[in-house]
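First comes the structure, then the notes that go with it.
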Ligand SMILES: [Zn+2]
Ligand SMILES: [Zn+2]
């Protein structure tokens, strides 16, 4: 085995803002009240509130949509009201794909369309908008540039669709568990 001379610390102080190398953008930021989310190539950048009236909550989702959309079994999401979501750049570079065969049923017979907004250049999924979730957008914790927020303000408080969670994945510590949809209870 080759010896390593790396001096990278194995633990990071995430009580402070932390912006590791993550794609091409280098201009992500966070303040006491807001932060950015940027796609992998940097073309699309959003800002959103990290608390307060515009911020709804953060959750882990094991639903079948999230299995496929992330190609990685689950997603860590957070929801903000559209009135508080800002497109800093690249809104014209967002492509959409929507369809109504989704596990998120509000009322039988009502529109269940979920629409994905993703970067047309790099494919990063930036948010989803659902007919069953009017007035809000569901963003991805993993696209948030300040990684310290993943542990603090954006830490999931809820986990849903545990019925489809693989047996090797532990319940998210501190998150209220829901067997199915926890967003409409
Ligand atoms: Zn991109
Ligand atoms: Zn999901």
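Once every DSSP H run of n ≥ 4 in the chain is given -39500 (n - 2.57) and the sum is divided by its residues, what mean residue ellipticity at 222 nm do you get, rounded to the nearest 500 deg cm²/dmol?
Working: 2 runs with 11 residues, N = 185.
So the calculated ellipticity at 222 nm is -1500 deg cm²/dmol.
Springs between Cα atoms under 10 Å define the GNM used for the chain, and in it the highest mean-square fluctuation of 156, 17, 53 occurs at 53. The calculated FRET efficiency for the pair residue 71 and residue 26, based on their C-beta separation and a Förster distance of 30 Å, comes to about 0.70. Springs between Cα atoms under 10 Å define the GNM used for the chain, and in it the highest mean-square fluctuation of 24, 94, 125 occurs at 24. Ordering 65-72, 136-143 by mean Cβ neighbour count within 10 Å, with the highest value first, yields 136-143, 65-72. State, to one decimal in nm, how far the label point of residue 93 lies from the label point of residue 14, with both points 7 Å from Cα in the Cβ direction. Taking the simple label geometry, residue 93 and residue 14 are separated by 2.7 nm. Restricted to Cα atoms, the stretch 34-177 shows a radius of gyration and a Dmax of 14.6, 42 angstrom.
If R0 is 22 Å, the Cβ-Cβ spacing of residue 179 and residue 113 corresponds to a FRET efficiency of close to 0.35.
With springs connecting C-alpha atoms under 10 Å apart, model the chain as a Gaussian network and identify which of 128, 101, 89 has the largest mean-square fluctuation. Of 128, 101, 89, the most mobile in the Gaussian network model is 101. The distance between label points at residue 122 and residue 51 comes to 2.9 nm (points 7 Å beyond Cα on the Cα→Cβ vector).
Values quoted throughout were computed directly from the atomic coordinates according to the rules given, and no laboratory measurement underlies them. The structure displayed is predicted, hence computed values, not measured ones. Using ideal geometry, Cβ is built from the backbone for each residue, glycine included, and neighbour counts are taken over all protein chains shown.
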